[in-house]
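Following: one structure in structure tokens, then a few remarks.
Values quoted throughout were computed directly from the atomic coordinates according to the rules given, and no laboratory measurement underlies them. Given the structure is predicted, the values throughout are model-derived calculations rather than measurements. FYI the Cβ positions are ideal-geometry reconstructions off the backbone, even for glycines, and counts take in every protein chain you see.
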Amino acid sequence: VVNMSGNCCWQQQTYSFSSTVQGCTDPTANNYDPNAQCDDGSCCYSNDPFNLQVFTPECNAENIGWEIQDDYGNTIASGGNQAGESYNDLSMYDYNICLSIDSCLSYNLILYDDYGNGWQCGVGGSVILTDPNGNIILNEFLNCCWQQQTYSFSSSVQGCTCLLYTSPSPRDRG
């Protein structure tokens, strides 16, 4: 189930695995997985999901991963080596992520690189996060030589929510 040989140059490596398929087991949820045998707490009941596309680099893709955390440090979603997945080089991975758009919560997309140059090996990797309407929230082409990068974003429309009332002009009365 887990092969731990052949990895170089890491400070810490975690391998998670389960013998059962995990996912959302509630058939009323937007992201119900009929193959899931164990509920992982990921069920989404409202709003269309956000979409995260991860484009892996030319090499060392197995060393990269990501998490989305809320304001309180709770992990909402994760992928790559942070979730026990092993990415292939020069591939695209597509994730639907349930985030509340009814609040003013902020989130952090945290990118991890256990190798130190995995996101920028040869043809570099990138991430694109879009909201349920297809608007691009984050579009990052990643550079070299770091182990963790954090990108903050909000799921709600930012700006003034005040409505201005303008009385009609006297000429409009009649």
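Assessment of the range 65-87 against the conditions (more than 30 Å from CYS145 (Cβ to Cβ) and polar (S, T, N, Q)) yields no matching residue.
The set of residues from the range 104-139 being without any contact (Cβ under 8 Å) to a residue 24 or more places away in the chain and of a type in the set (A, V, I, L, M) comprises just one member, ILE136. When LEU99, LEU142 are checked against the criterion of being touching a residue at least 24 places away in the same chain (Cβ under 8 Å) and within 12 Å of the chain's Cα centre (by Cα), LEU99 stands alone in meeting it.
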